[in-house]
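Asker: I have a structure here, written as structure tokens, and I will follow up with some questions on it.
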Amino acid sequence: GDMQTDIKSIFSILNKISLDTTSIITARLLEIDTKLDSMEDRFEEIEDHEEERNTKMADLEKKLGRAWNCIEDLENRSRRNNVCIMGLPEGIEEGRPIKLLNKVLPVMLEIPEGEVIEIERAHRSLALRPQPDQRPRQIIMCLLKYQTRELILRKAREKQNIVWENNKIAFFQDLSKEVQLKRKAFTESRCQLRILGVKYTMAYPATLRIQHKGIRHSFQSPHAVISYIKQ
């Protein structure tokens with residue numbers, strides 16, 4: 001009888017241990033399940049935040065792009081009436097560039113008598129003064145009228161090779177670095193157009209225009225020009 005009682009006691013203890021163990025495991029599994037649910041919620045929250053951040057970043061990039069374009073446009077508008085002159089010897093203006101330009105431009109460009117060149121301001125570029133054997137800094141002049149600026153650039157194009165007192169002189173539009181780089185990208189396509197004898201012009205800010213077989217074409221990218229040439 002004692003052995004039977006002992007066996008029952010052992011089974012009772014084992015059953016209790018089993019129940020307690022099952023209870024502990026169940027509790028731990030529930031705890032793990034709760035933590036996993038919490039982690040999933042956290043991951044979803046992080047993903048939502050990441051998506052929201054990416055959307056905000058994309059929106060910010062668009063706004064910055066528009067702001068940069070506005071700044072670039074304003075900068076180029078402020079240069080609208082400017083002309084850059086390369087080749088005038090350093091110091092020849094003796095501190096009075098407007099007086100010098102009023103004297104030499106009509107002769108240099110064969111500007112018709114009666115055409116008044118009204119210069120608002122003029123100065124050398126802000127680079128360091130070069131050594132005597134180095135290229136002189138360009139002079140940037142701002143004209144009172146846009147029409148005068150166009151006249152000067154047109155006359156310079158017509159004359160092509162301008163030499164004044166043994167100095168080769170060149171005239172350019174005053175453009176921002178960004179626009180200069182955009183125009184520089186057209187170098188190869190312009191070279192090919194010259195070889196083909198096709199005349200072209202560059203419109204602001206960086207649009208290449210040609211007239212071929214009586215039809216005008218405008219190109220916003222060098223690739224578009226090359227594609228047209230290959231047709």
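Asker: Full-extension gain between residue 168 and residue 52, please, as 0.36 nm times their residue separation minus the C-alpha to C-alpha distance.
Answerer: So the chain would gain 35.8 nm between residue 168 and residue 52.
Asker: Still on this structure, I have one more. For the chain, find the longest principal axis of its Cα atoms and tell me its angle to the long axis of helix 97-109, 0 to 90°, nearest 10.
Answerer: 70 degrees
Asker: So, one more: Along Cα→Cβ, 7 Å out, is where each label goes; now give me the distance between the ones at residue 150 and residue 180 in nm to one decimal.
Answerer: 2.5 nm
Asker: On to the next question. Sort the range 119-180 into rounded, prolate or oblate with this rule: let a ≥ b ≥ c be the square roots of the eigenvalues of the Cα gyration tensor; rounded if a/c is under 1.5, and if a/c is not under 1.5, prolate when a/b is larger than b/c, oblate otherwise.
Answerer: Oblate, since a/c reaches 1.5 and b/c is not below a/b.
Asker: A further question on this structure: For the residues 43, 171, what sequence is obtained by ranking on other C-beta atoms within 10 Å, fewest first?
Answerer: 43, 171
Asker: Here's something else I'd like to know. Could you give the angle, 0 to 90 degrees to the nearest 10, between helix 146-159's Cα long axis and the longest principal axis of the Cα atoms of the chain?
Answerer: Taking Cα atoms only, the helix is inclined about 70 degrees.
Asker: So how many Å³ per residue does the convex hull of the Cα atoms of the range 179-230 work out to?
Answerer: Here the figure is 67 Å³ per residue.
Asker: Take every Cα-Cα pair in the chain and report what % of them are more than 22 Å apart.
Answerer: Roughly 72 percent, rounded to a whole number.
Asker: What is the extension gain from residue 125 to residue 59, computed as 0.36 nm multiplied by their sequence separation minus the C-alpha to C-alpha distance, in nm to one decimal?
Answerer: 20.0 nm
Asker: Given 0.36 nm per residue, what is the gain on full extension from residue 194 to residue 39 after removing their alpha carbon distance, in nm?
Answerer: 49.1 nm
Asker: With the crude spin-label approximation of a point 7 Å out along Cα→Cβ, what separation in nm comes out for residue 23 versus residue 4?
Answerer: 3.0 nm
Asker: What FRET efficiency comes out for residue 103 versus residue 227 if R0 is 41 angstrom and r is the Cβ-Cβ distance? Round to the nearest 0.05.
Answerer: Efficiency at R0 = 41 Å is approximately 0.30.
Asker: I need the P(r) histogram for the range 16-132: all alpha carbon pairs, bin width 5 Å from 0 out to the longest distance, whole percents.
Answerer: The calculated distribution, bin by bin, is 2, 7, 9, 9, 7, 7, 5, 5, 5, 4, 4, 4, 4, 4, 4, 3, 3, 3, 3, 2, 2, 1, 1, 0.
Asker: Pick out which of 25, 152, 117 has the largest mean-square fluctuation in a Gaussian network model of the chain, springs linking Cα atoms closer than 10 Å.
Answerer: 25
Asker: Report the relative contact order of the range 80-174, percent, no decimals, based on alpha-carbon pairs under 8 angstrom and at least 6 residues apart.
Answerer: 46 percent
Asker: Residue by residue through the range 194-211, which ³J(HN,Hα) values in whole Hz follow from phi under the Karplus form 6.51 cos²θ - 1.76 cosθ + 1.60 (θ = phi - 60°), with glycine and proline marked x?
Answerer: 5, 4, 7, x, 9, 7, 9, 9, 9, 9, 5, x, 8, 10, 8, 10, 9, 10
Asker: So which lysines can residue 182 reach, going by Cα to Cα under 30 Å and dropping same-chain residues fewer than 8 places off?
Answerer: Of all the lysines, those that pass the test against residue 182 - Cα under 30 Å, at least 8 places apart if same chain - are 56, 62, 63, 145, 155, 159, 168, 199, 213, 230.
Asker: While we're on this one: How about the range 136-190: which trypsin sites (Lys or Arg not before Pro) there lie in a loop by DSSP and see at most 14 other Cβ atoms within 10 Å?
Answerer: Taking the range 136-190 and a limit of 14 other Cβ atoms within 10 Å, the loop trypsin sites (Lys or Arg not before Pro) found are 145.
Asker: How far apart, in nm, are the 7 Å Cα→Cβ label points at residue 13 and residue 113?
Answerer: Here the modelled spin labels are 13.3 nm apart.
Asker: When a/c is below 1.5 the answer is rounded, else prolate if a/b is larger than b/c, else oblate, so apply that to the range 35-95 with a ≥ b ≥ c taken from the square roots of the Cα gyration tensor eigenvalues.
Answerer: Taking the square roots of the gyration eigenvalues as a ≥ b ≥ c, the range 35-95 is prolate.
Asker: Which peptide among 55-67, 78-90 comes first, and what is the full order, when sorted by highest mean count of other Cβ atoms within 10 Å?
Answerer: In decreasing order of mean packing, 55-67, 78-90 become 78-90, 55-67.
Asker: Okay, moving on. What's the exposure ranking of 143, 74, going from fewest to most Cβ atoms within 10 Å?
Answerer: 74, 143
Asker: Quick one: which residues, 5 or more positions from residue 164 or on another chain, have an amide H under 5 Å from its amide H? H modelled 1.01 Å from N in the peptide plane, none for Pro or chain starts.
Answerer: Sorted by chain and number, the residues that satisfy this are 169.
Asker: From the backbone phi of the range 11-23, what are the Karplus-calculated ³J(HN,Hα) couplings (6.51 cos²θ - 1.76 cosθ + 1.60, θ = phi - 60°) in whole Hz, Gly and Pro given as x?
Answerer: Per-residue couplings from phi come out as 4, 5, 5, 4, 4, 5, 4, 4, 5, 5, 5, 4, 5 Hz.
Asker: Can I ask one more? Contact order normalised by length for the chain, with contacts defined as Cα pairs under 8 Å and 6 or more residues apart; what percent is it?
Answerer: Normalised by residue count, the contact order of the chain is 17 percent.
Where a number appears in this text, it was derived from the coordinates with a stated rule and is not lab data. Note that this is a predicted model, so its numbers are computed, not measured. Glycine also receives a Cβ, built like all others from the backbone with ideal geometry; neighbour counts cover every protein chain displayed.
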